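Written below as structure tokens is the structure these notes are about.
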Number of protein chains: 2
Amino acid sequence: MMFTTKTEYGMRAMTSLARNKGKTPLSLAQIAKENHISVSYLEQLMAKLKANDLVKSSKGMAGGYRIYRPARNISVFEVVEALEGPLSLFYCMSEDARKMICSRGKCLTKRVWQELQKNIIGTLRKFKLSDLI
Amino acid sequence: MMFTTKTEYGMRAMTSLARNKGKTPLSLAQIAKENHISVSYLEQLMAKLKANDLVKSSKGMAGGYRIYRPARNISVFEVVEALEGPLSLFYCMSEDARKMICSRGKCLTKRVWQELQKNIIGTLRKFKLSDLI
DNA sequence: ATAACTCCTAGTAATATACTAGGATATTAT
DNA sequence: ATAATATCCTAGTATATTACTAGGAGTTAT
């Protein structure tokens with residue numbers, strides 16, 4: 001598996017919120033029940049989504065979560081990256097790998113991973129949340 | 001990270017073998033030293049590569065590993081799949097997920113993962129080992 | 001006040017990855 | 001034959017990541 005349940009659950013939550021647009025906000029309990037996810041685990045995923053401005057929340061009674069932007073302006077890539085962190089297929093392609101030996105010379109293999117990563121991001125960007133509801 | 005060091009190390013080993021074509025076989029010790037990998041861990045990776053007919057081995061003195069086919073006939077996808085196992089981005093896309101609830105109805109999100117998976121495999125198939133040496 | 005919420009932190013359980021260790025087995029040079 | 005040099009095979013263990021659980025503090029409508 002390349003993606004974790006974080007993405008699986010987070011995407012479900014986002015589609016629930018997208019469908020709920022305009023109505024009163026959805027509480028964690030509601031989203032969790034609707035998608036068969038544990039409440040406190042979902043909570044942590046929602047925190048990531050919120051930190052990336054994909055959802056907004058209101059506290060207190062009758063509070064809950066709303067989608068931040070229209071679903072057609074949110075790409076699957078944004079959701080995935082918010083939940084899984086920045087995509088890098090290998091360590092050698094991550095931010096803190098600048099000093100690696102292999103990155104000094106010309107590494108042919110790296111080109112494969114770079115093209116692959118470009119393709120993956122491109123595909124994920126192409127799909128919007130509105131395509132999924 | 002989406003891929004593990006298995007792929008990273010395994011690819012290095014394969015390129016070493018591709019470059020060594022025609023000469024006397026490379027021993028585990030040689031491959032390991034050349035690529036800064038532990039011998040006994042590499043051993044396990046070579047077993048996977050062998051099981052998938054990507055390399056052949058000869059035992060005894062002056063034995064070692066040879067590449068099985070010409071490098072231009074081996075795609076990066078084959079190497080990756082041999083080492084990481086069959087690619088499935090999510091559990092819902094794996095072989096043993098047929099009975100899942102979501103796979104009965106029409107799951108729009110699944111289409112995204114399916115197209116993504118198609119792209120990934122396509123890209124990995126496009127690159128041959130001969131492109132990397 | 002209190003009920004219904006989000007927010008925040010610190011755990012723990014389960015699983016997967018990345019190794020290590022040691023012996024069995026095969027092949028070849030001497 | 002036998003010793004040297006290899007692969008082969010299995011069973012461990014260390015580390016890291018994932019997938020949760022638990023408990024309390026803060027916020028807001030009624």
Test: residue in the range A:63-80 that is within 13 Å of DNA strand D (Cβ to nearest atom), free of Cβ contacts under 8 Å to residues at least 24 places away in the same chain, farther than 17 Å from A:K128 by Cβ and small (G, A, S): no
Single condition B:M61 does not satisfy, out of (1) hydrophobic (A, V, I, L, M, F, W, C); (2) near DNA strand C (Cβ under 9 Å from one of its atoms); (3) closer than 25 Å to A:C92 by Cα: (3)
Those residues of the range B:32-61 which are surrounded by 14 or more Cβ atoms within 10 Å (Cβ to Cβ) and among the acidic types (D, E), in sequence order: B:E34
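Conditions (1) more than 13 Å from every other protein chain (Cβ to nearest Cβ); (2) away from DNA strand C (no atom under 15 Å from the Cβ), marked per residue:
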site: A:F3; (1), (2): no, no
site: A:L45; (1), (2): yes, no
site: A:K50; (1), (2): yes, no
site: A:V55; (1), (2): yes, no
site: A:Y65; (1), (2): yes, no
site: A:A71; (1), (2): no, yes
site: A:V76; (1), (2): no, yes
site: A:V80; (1), (2): no, yes
Identity of the residue in the range A:62-92, assigned to a helix (DSSP H, G or I) and modelled with pLDDT under 95, that ends up nearest to A:T15 (Cα to Cα): A:Y91
Matching residues, the range A:30-39, being more than 14 Å from every other protein chain (Cβ to nearest Cβ) and either away from DNA strand D (no atom under 12 Å from the Cβ) or in contact (Cβ under 8 Å) with a residue 24 or more places away in the chain (or both): A:Q30, A:I31, A:K33
Restricting the range B:108-133 to residues that are buried (at least 19 other Cβ atoms within 10 Å of the Cβ) and free of Cβ contacts under 8 Å to residues at least 12 places away in the same chain, the residue that is nearest to A:V112 (Cα to Cα): B:T123
Hits in the range B:93-110 (condition: modelled with pLDDT of 65 or more, within 10 Å of chain A (Cβ to nearest Cβ) and in a helix (DSSP H, G or I)): B:M93, B:L108, B:T109, B:K110
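The values are calculated or read from the model by the stated rules, or taken from the named source; none is laboratory data. What you are looking at is a predicted structure, and each value in this text was computed from that prediction instead of being measured. Methodologically, a virtual Cβ is constructed for each residue, glycine included, from the backbone with ideal geometry; neighbour enumeration extends over all protein chains shown.
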